[in-house]
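Working notes, beginning with the structure itself.
The values are calculated or read from the model by the stated rules, or taken from the named source; none is laboratory data. Values in this document were obtained by computation on a predicted structure and should not be read as measured data. Note that we place each Cβ from the backbone using ideal geometry, even for glycine, and neighbour counts take in every protein chain shown. Accessible surface is based on the protein model in full, side chains and every heavy atom, while ligands, DNA and RNA are left aside. Shrake-Rupley method; radii C 1.70, N 1.55, O 1.52, S 1.80 Å.
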Amino acid sequence: MLADLRYALRTLAKSPWLSLVIVLSLALGIGANAVVFAWLNASLLRPLPAVPATILGLEARNAAGTYVATSWLELRNLAERLPALDGAVAAHRPRTFNLGEPERGERVWGEFVTGNFFPVLGVRPALGRFFRADETATPGGAPVAVVSFQFWQRQLGGDPTALGRTIKLNNRTVTVVGVAPEGFVGAFQNLAFDVWVPITLLSDLMPASRELTDRGIRSMLLFTVLPPGVTAARVEGELAAAARALAAAHPAESDGIRYELLPLWRNPRGGAVFNGLLALLQLFAGLILVVVCVNTANLLLARASTRTREIGIRLACGAGAGRVVRQLLTESVLLALAGAALGTLFALWGVDLLAAVPTPSNMPVKFSVALDWRALVFAAGVGVACGVLFGLAPALQLARADVQQALRGGRGAVGGRSRLRDVLVALEVGVALVVLVLAGLFLKFLRNARTIHPGFDREKILLASADLVGRGLAEPAMKNFMRDALARLAALPGVELAAAANTMPMDIRGVPKTPLTIDGAPRPPGDTAQIAYFRATPGYLALMRMPLVAGTDLAPLAQEARPLDAVINEEMARRFWPGRSPLGHKFHVESADYEVVGVVRDANLENFGERPQPAAWITSRGVPLTSPVLHVRVRAGDPRAVLPAVRAAILALDPELVLYDARAFTQHLDNNLFLQRAPMQLLGVLGPLALALAAIGLYAVLAFAVAQRTQEIGVRLTLGATPASVVALIVREGMKVVLVGAALGWVVAFALGWFLREKLVGVSALEPVVYAGVPALLLAVAALACWLPARRAAKVDPMAALRAE
């Protein structure tokens, strides 16, 4: 084996440029795959950093099939009906808190958690302890908190005596009793939290909240761990029985609710979406690796034509075909391992590049991606597999060469014309075309997302959030604050309109959805009707430039005595009041009736180019905005320029209320596209890489092939062929293979584009610019790759060519 290795090194050193091209192309292909594998490894094998237990989400789903959260009271009833889990049902509820004194304006992401949160996850404190049973048994329990290791380092200086120290959350003092283990960031995949407090403190830190007393408020997310010997089927049976019992006991809140056990990678609140994205990226990276392997196989096959005499001598001296194959595979695997080593370095850069993708500022998104030992083993394994894959065809071709013809100087089966080489060239072109077309479709989608009109005006709007619950305001005070704040903001110089809502369109967290009842009619069995809804203030639709097509806007906030009203979109009007005016009709959502006073044009709510979905903008006169997102439209210029004046106006109204998460609406949209931007960045590298590899591979292969036809070309020229006819012949033969590969690749690319059409909103299933432009570009590059060696070959001196043989 050592002899094979030494000989392989000497052989590769004789053609350093070819070896360098192969190693670099392999490094790029393996590096891209290692990057995506590192993300998959973190998302599938280590979805929750520092959590040893295998966590299952316990997800509630309503009659319409939408995943919803669970209420606190429902959680307590549900846990009692699941004996198989033996109390191992934990809950958490994400929340931002004001940290320290209000004037600091510092926000920290945390979670309200049940007392068994940490034990179910199987984590141990790095310092101190977790919550005791007496601290989490009843609402209003002990004001204690556990902080993350990072928070302990950053805010508490990593001081071992920090236990017992107090911090202020939402202007309430809590005592730090423990520090979570290093790396632990919570029970949400790809989100990082810094503070955990008992759910029983919810009413203390959010005084206006009714979450601990109102069964209809679904804000708790559940998870569990299967005890030893307990099967998922048994738990699912108990869940079905519990769902029936709860629906019978509490039909208003639990009717139609069912529960599912889901692994975290199928979590509907991020895991499923993100892992689907990673699978798509892995497809792109895998296709690039196919291009690399085929390209390398072509190069080695062409190079094999120069080694027929060497291999013939080895075979004549008694070396068996297996011995020759082993030697040649040693060379190819050595090249592949060198490419894998360099690819690992590229992967380090690639991981940092993808992790730097801008993420939503209103979510604590954090990707825990690193090239650990699994990624290194993956890169090495891919390297060995690639070495065998691209080295086997040339090795078998040479090992089967005719010995006598090889000793006479002939080319045998690896001469200038090879069916195997043609197949590999066609495969390389086809795969490169697939990658380029898919890259073009995704880039077209991203461009559309930035330019198409979503049904509202995204320009000149400043967004800023306020936490009225954390401030401790009661509902009447919240209503008064909102009325006065909007009046002050609208009066600021340069401000055109001011309004507020509970959320924004295109938010990564989605838009709230709820079942509804129309005009008081009972819902028929199996009815799954639901709508998206925004709780908004008057003027919100005008601020967003969403035109009314019928009726009026929401009534002013000061008109408390008026019935609760709502504006609906055209799709809701068509679906629930077909052929008649919806104005004056009522629908029931969230324990209240709302009268339809206006109809607004359809707009995109969750994704660019989505199909219209029924939606309503309901007044905030009934239930106030507890965590409003203020919208301020300016007359001209950058909306962020009015932020100091907006902050001053709010502080003048309430000196202890600080705005947070301020950004332009355009920035909000861009950041919430990060799930699409990640593949864009990778495709921005992979697309040109596929084109470059195809061009280099075609040129190198054809140059080698043409060089092996020197005698044939000399004979043709001697017999009267013109250089132009020789060039045309060589280009025609090369392009015939290219066209076959391009046609097959186009069919595959079209099929994949059709399969992905739901994800590529706003992009035609047969996008002419992509499906025509990309093949034209690839064929132009292929024609150039054929023409250059043909042109050089046509200039050969016929007599010199004949003497060379």
Handout entry: Within the stretch 203-227, considering residues that are in a loop (DSSP other than H, G, I, E, B), hydrophobic (A, V, I, L, M, F, W, C) and more than 17 Å from Val469 (Cα to Cα), the one nearest to the chain's Cα centre (by Cα)
Key = Val225
Problem - Members of the stretch 67-82 that are farther than 20 Å from Phe118 by Cα, open to solvent by 10 Å² or more (accessible area, probe 1.4 Å) and assigned to a helix (DSSP H, G or I) - result: Leu73, Asn77
Practice task
For residues that are among the polar types (S, T, N, Q) and at pLDDT below 70, tally how many sit in the stretch 260-278.
Solution key: 0
Problem - Subset of the stretch 441-497 [surrounded by fewer than 21 Cβ atoms within 10 Å (Cβ to Cβ), touching a strand residue (DSSP E or B) at 6+ places or on another chain (Cβ under 6 Å) and assigned to a helix (DSSP H, G or I)] - result: Ala490
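Going through Ala780, Ala793, Ala785 one at a time, which residue ends up being assigned to a helix (DSSP H, G or I), touching a Phe, Trp or Tyr at 6+ places or on another chain (Cβ under 7 Å) and closer than 15 Å to Tyr699 by Cβ? Lay out the reasoning, then the answer.
Values: Ala780 fails: touching a Phe, Trp or Tyr at 6+ places or on another chain (Cβ under 7 Å); Ala793 fails: touching a Phe, Trp or Tyr at 6+ places or on another chain (Cβ under 7 Å).
From the options Ala780, Ala793, Ala785, the qualifying one is Ala785.
Kindly indicate whether any position in the stretch 567-575 is within 23 Å of Gly510 (Cβ to Cβ) and part of a loop (DSSP other than H, G, I, E, B). If you could, list the steps in order and put the result at the bottom.
As a first pass, look at the stretch 567-575 and keep what is within 23 Å of Gly510 (Cβ to Cβ): 567-575.
From what's left, part of a loop (DSSP other than H, G, I, E, B): none.
No.
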Practice task
State all residues of the stretch 584-615 that are surrounded by fewer than 20 Cβ atoms within 10 Å (Cβ to Cβ) and either without any contact (Cβ under 8 Å) to a residue 12 or more places away in the chain or among the polar types (S, T, N, Q) (or both); if no residue qualifies, say none.
Solution key: Ser591, Asn607, Arg611, Gln613
Practice task
Filter the stretch 83-94 down to residues that are among the aliphatic types (A, V, I, L, M) and in a helix (DSSP H, G or I) and give me whichever is nearest to Leu221 (Cα to Cα).
Solution key: Leu85
Handout entry: Search result, residues across the stretch 159-202 that are open to solvent by 30 Å² or more (accessible area, probe 1.4 Å), part of a helix (DSSP H, G or I) and polar (S, T, N, Q)
Key = Thr161
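Can you go through Ala413, Ala426, Ala385, Ala406 and tell me which one is of a type in the set (A, V, I, L, M, F, W, C), surrounded by fewer than 24 Cβ atoms within 10 Å (Cβ to Cβ), modelled with pLDDT under 70 and part of a helix (DSSP H, G or I)? It would help to see each step written out before you state the result.
Numbers: Ala426 fails: modelled with pLDDT under 70; Ala385 fails: modelled with pLDDT under 70; Ala406 fails: surrounded by fewer than 24 Cβ atoms within 10 Å (Cβ to Cβ).
Only one candidate passes the filter, namely Ala413.
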Completion exercise
All-but-one check, Arg124 against (1) at pLDDT 85 or above; (2) open to solvent by less than 60 Å² (accessible area, probe 1.4 Å); (3) part of a loop (DSSP other than H, G, I, E, B), failing number (2)
Exercise for the section: Taking Ala561 as the residue in question, decide whether it is aliphatic (A, V, I, L, M), without any contact (Cβ under 8 Å) to a residue 12 or more places away in the chain, surrounded by fewer than 17 Cβ atoms within 10 Å (Cβ to Cβ) and within 24 Å of Asn480 (Cβ to Cβ). Expected result: yes
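Have a look at Ala142, Ala133 and point out the one that is under 17 Å from Asp204 (Cα atoms) and either open to solvent by less than 10 Å² (accessible area, probe 1.4 Å) or among the aliphatic types (A, V, I, L, M) (or both).
Details: Ala133 fails: under 17 Å from Asp204 (Cα atoms).
Going through Ala142, Ala133 in turn, the sole match is Ala142.
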Problem - Those strands (runs of 3 or more DSSP E) lying entirely in the stretch 597-677 with at least 2 residues touching a Lys or Arg at 6+ places or on another chain (Cβ under 8 Å) and under 25 Å from Val108 (Cα atoms) - result: 660-664
Practice task
Search the stretch 727-742 for residues that are free of Cβ contacts under 8 Å to residues at least 24 places away in the same chain and pair each with any residue that is among the aliphatic types (A, V, I, L, M) and open to solvent by 30 Å² or more (accessible area, probe 1.4 Å) when their beta-carbon atoms are under 8 Å apart and the residues are at least 6 apart or on different chains.
Solution key: none
Practice task
Kindly establish whether Arg154 is among the basic types (Lys, Arg) and within 20 Å of Ala53 (Cα to Cα).
Solution key: no
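What is the residue count in the stretch 463-503 for residues that are of a type in the set (D, E, K, R) and more than 18 Å from Ala558 (Cβ to Cβ)? Before you say what the answer is, go through the steps one by one.
Our first condition is that a residue be of a type in the set (D, E, K, R); within the stretch 463-503, this holds for 467, 471, 475, 479, 483-484, 488, 496.
Subsequent filtering for residues that are more than 18 Å from Ala558 (Cβ to Cβ) retains 467, 471, 496.
Selection size over the stretch 463-503: 3.
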Handout entry: From the options Leu222, Leu281, residue that is closer than 30 Å to Asn170 by Cα and crowded, with 17+ Cβ neighbours inside 10 Å
Key = Leu222
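To keep it simple, each residue is scored yes or no on (1) of a type outside the set (D, E, K, R); (2) in contact with a helix residue (DSSP H, G or I) (Cβ under 6 Å, 6 or more places away or on another chain); (3) over 30 Å from Thr514 (Cβ atoms).
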| residue | (1), (2), (3) |
| --- | --- |
| Pro83 | yes, no, yes |
| Val123 | yes, no, yes |
| Phe131 | yes, no, yes |
| Glu135 | no, no, yes |
| Pro139 | yes, yes, no |
| Ala142 | yes, yes, yes |
| Val146 | yes, no, yes |
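Just the residues that are among the β-branched types (Val, Ile, Thr) and either within 21 Å of Asn295 (Cβ to Cβ) or modelled with pLDDT of 80 or more (or both), please, taken from the stretch 329-356.
Step one: filter the stretch 329-356 for residues among the β-branched types (Val, Ile, Thr), giving 330, 333, 344, 351.
Once the filter is applied, which keeps residues that are among the β-branched types (Val, Ile, Thr) and either within 21 Å of Asn295 (Cβ to Cβ) or modelled with pLDDT of 80 or more (or both), the stretch 329-356 yields Thr330, Val333, Thr344.
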Problem - Within the stretch 228-245, considering residues that are closer than 16 Å to Val89 by Cβ and under 32 Å from the mean Cα position of the chain (by Cα), the one surrounded by the fewest Cβ atoms within 10 Å (Cβ to Cβ) - result: Ala232
Exercise for the section: Determine if the stretch 290-302 includes at least one residue that is buried (at least 17 other Cβ atoms within 10 Å of the Cβ), at pLDDT below 75 and among the small types (Gly, Ala, Ser). Expected result: yes
Handout entry: Residues being open to solvent by 10 Å² or more (accessible area, probe 1.4 Å), modelled with pLDDT under 70 and not hydrophobic (A, V, I, L, M, F, W, C) - total across the stretch 673-703
Key = 4
Exercise for the section: Would you be able to say whether some residue in the stretch 571-583 is open to solvent by 40 Å² or more (accessible area, probe 1.4 Å) and of a type in the set (Asp, Glu)? Expected result: no
